[in-house]
1. Those residues that are farther than 20 Å from B:Glu35 by Cβ and charged (D, E, K, R), I need them from the range B:158-188; list them, please.
2. So which of A:Thr38, A:Thr42 ends up being under 21 Å from the mean Cα position of the chain (by Cα), crowded, with 21+ Cβ neighbours inside 10 Å, within 16 Å of ligand 2 (Cβ to nearest atom) and within 14 Å of another protein chain (Cβ to nearest Cβ)?
3. Tell me yes or no: at least one residue of the range A:41-49 is in contact (Cβ under 8 Å) with a residue 12 or more places away in the chain, more than 9 Å from ligand 1 (Cβ to nearest atom) and either touching a Lys or Arg at 6+ places or on another chain (Cβ under 6 Å) or among the basic types (Lys, Arg) (or both).
4. Only helices (runs of 4 or more DSSP H) wholly contained in the range B:401-481 count here; list those with 1 or more residues that are among the small types (Gly, Ala, Ser) and more than 8 Å from chain A (Cβ to nearest Cβ).
5. Taking the conditions exactly as written (touching a Pro at 6+ places or on another chain (Cβ under 7 Å) and either away from ligand 1 (no atom under 16 Å from the Cβ) or modelled with pLDDT of 95 or more (or both)), does A:Phe62 satisfy them or not?
6. In the range B:270-286, how many are buried (at least 24 other Cβ atoms within 10 Å of the Cβ) and part of a strand (DSSP E or B)?
7. Given the residues A:Glu74, A:Glu23, A:Glu54, A:Glu28, which is the only one that is surrounded by fewer than 23 Cβ atoms within 10 Å (Cβ to Cβ) and within 15 Å of ligand 1 (Cβ to nearest atom)?
8. Only residues that are without any contact (Cβ under 8 Å) to a residue 40 or more places away in the chain and either among the small types (Gly, Ala, Ser) or more than 7 Å from every other protein chain (Cβ to nearest Cβ) (or both): list them for the range A:77-99, please.
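The values are calculated or read from the model by the stated rules, or taken from the named source; none is laboratory data. All figures in this text were calculated on a predicted structure; none of them were measured in a lab. Ideal geometry is used to build each Cβ from the backbone, glycine not excepted, and the neighbour counts take in all protein chains shown.
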Amino acid sequence: MLSIKNLNVSIQGKQILRDFNLEIKAGEIHAIMGPNGTGKSTLASTLAGKEEYEVTSGEVIFNAKNLFDMSADERAREGIFLAFQYPVEIPGVSTTNFMKAAVNAKRKHQGLEPMDAKDFLKLMREKMALVEMNKEFSSRSVNEGFSGGEKKRNEIFQMAMLEPALCLLDETDSGLDIDALRIVANGVNKLRDANRSFLVITHYQRLLNYIVPDYVHVMYGGKIVKSGGKELALKLEEQGYDWIKEENSELV
Amino acid sequence: MADNDKIIDEVVANDYKYGFTTNIEQEFAAIGLSEETVRFISAKKNEPEWMLEWRLKAYSAWLKMEQPKWQNVHFPEIDFQSIIYYAAQKKKKVINSLDDVDPEIRATYDKLGIPIQEQKLLAGVAVDYVMDSESVITTFRESLKEKGIIFCSISEAIREQPELVKQYLGSVVPQRDNYYAALNSAVFSDGSFVYIPKGVRCPMELSTYFRINAENTGQFERTLIIADEGSYVSYLEGCTAPMRDENQLHAAVVELITLDNAEIKYSTVQNWYPGDKEGKGGIYNFVTKRGMCRGKNSKISWTQVETGSAITWKYPSCILKGENSIGEFYSVAVTNNYQQADTGTKMIHIGKNTKSRIVSKGISAGKSQNSYRGLVQVHKTADNAYNSSQCDSLLIGDKCGAHTFPYLEIKNKTGRVEHEATTSKIGEDLLFYCNQRGLSNEEAVSMIINGYCKEVFKQLPMEFMVEAQKLLSISLEGSVG
Ligand SMILES: Nc1ncnc2c1ncn2[C@@H]1O[C@H](COP(=O)(O)OP(=O)(O)OP(=O)(O)O)[C@@H](O)[C@H]1O
Ligand SMILES: [Mg+2]
């Protein structure tokens, strides 16, 4: 599904990702952990196509297509979804209208007619129920005045609406209370299937109790320095990052 | 960035769809302005003596006035002697029915999307078609007449309704009100007249469509709307002009009067030619619009969507004289490329318990400059007056400017005034968020802008709301790369 080879990315002349490599197959869940500022969000944003991030070398193949040949919106229509670490507010645009535009943009890309209004509202209700979101949110402006946790939930709702092939979750768990964490994780689990892959960025092992990953990677100094199964997350939780930093002191 | 420029170039090159001209034989007044010109226009219109005198009074006032310089717009001094003040279709015949309208003119309005054909018109909208200095035809007159509603060209009203015109013309915007109003009072050539009798709710939207066609001419139209006690009318104004390299002057005056318990809703979708991307050509839109709530419990509501013109300079205002009267101003002003807009409103509270509400949304893109200028005045007599103002500016790109000039003059301690202003940008983060959901830049900008302007758009009648939304997207297309 996704193959990242020797990816180097800079922002404002400062190199963030260094010879980054990662292979994600259909249906897999990969978790990425790592200290603040090591480039986790940079990775997610680069994959999603944010322009400030300059790809200096390397290659990313997504579903047999060269990712860097596509603009951010094309990538989204091709099935890449990023649940933002900091979702933005869109005043005056209701969640319903926003989602209608997004769903229909994708359908158009697939050669389908815009969705019938009734079917669309039904889909909205169904997916809101998935993350236990109150339906009043559908008429409110996107993220405007939403609490931190509500914004994160809204991201997962949108993800459910758009049924992407590759889901990038950037710290979706931070800011969620214990119940919301469970609800959001359940939502994600329900979207799990053999054709959908996830890249979950998190700081807390706790999330991985709910969303059980196939692989856990530790990122440091712009690359993956350790990979393992879910037990790696437990070790990090216990021991922190000191041992990682020591092993890789040459990277910083 | 190069790509960005290219998109802008392409879009701006084709974006003004109304830039064509109509070939009809026209007759013109001699170039320039003198007492003779004023007499010529008055004679062409077969006006009574009192009207000519009224015009001449305005002309002599104008001669003593100076072009205002205080507005935040810049342009070379206008040479009033190089303008033609009257242009009308030459072949004069009496137009009794729609079939009598010149096919060329019909074709023009077809092309503009407002066919002169009652049955095919936007459901239930009566239209007065004005081209250059003359009203072409007014539709639905007969069915309106049955209710006692008068909807005709102002020239006709001067001849047929002299009492109403004498009583109200200049009662809200006096001849010497300001430089351009004085000019208009001297040389106005046509426009619309509406009278809604007591207790009548006008059963359809009334509308005037202004079209500049002739070269080197100025457009000076005059609109007068009177809503008698307990009546209601919703009025719409639209306009376009051909693309020309030289600037053309449009100096209109609109006067609204509401008596006790009456209401006028006046909506404008202004789409005069804005000039090309280098700032060449375009209309100078210098307009005086003012409403007077004369009667108690009366209401005047202005809604404007301003997307066109090289320079826009207008302040639709309300004089709230009647007790409990209400004034409203909802505005969306968009500037792109080298356009300049200095627009806003004046709310003059005179009567007790008068209320006003201002919602202004300025959107600037390209190298344009967009200013909001608003005055809220509470007179000594205006106990418990209340105003709320919301002025928002949105910037697209970093070469444009947004400015806000709110003025307050409060002479009554019981008055309450609330003012809120914001400036925001369509930031990279917001665009990226929309892109990430599969929306192209164009789709994203259009959605963001429409969300931003929602409060104003919802004031417009349905068909015009859709039109305005489209227009806005078109005028901003390509402004984000
Ligand atoms: N727009 C920017 N301008 C300059 N530096 C930036 C910019 N965006 C990110 N960086 C820098 O790039 C580095 C990596 O940032 P990134 O957000 O990818 O880290 P992260 O691993 O997601 O951290 P966290 O765990 O705190 O979310 C940081 O040092 C950050 O300051
Ligand atoms: Mg991050």
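1. B:Arg159, B:Glu160, B:Glu163, B:Lys166, B:Asp177
2. After ruling out the rest, the residue left standing is A:Thr42.
3. Looking for residues that are in contact (Cβ under 8 Å) with a residue 12 or more places away in the chain, more than 9 Å from ligand 1 (Cβ to nearest atom) and either touching a Lys or Arg at 6+ places or on another chain (Cβ under 6 Å) or among the basic types (Lys, Arg) (or both), one finds at least one in the range A:41-49, hence yes.
4. In the range B:401-481, B:441-452, B:462-476 are the helices (runs of 4 or more DSSP H) which contain 1 or more residues that are among the small types (Gly, Ala, Ser) and more than 8 Å from chain A (Cβ to nearest Cβ).
5. no
6. 5
7. Only one candidate passes the filter, namely A:Glu54.
8. A:Tyr86, A:Asn97
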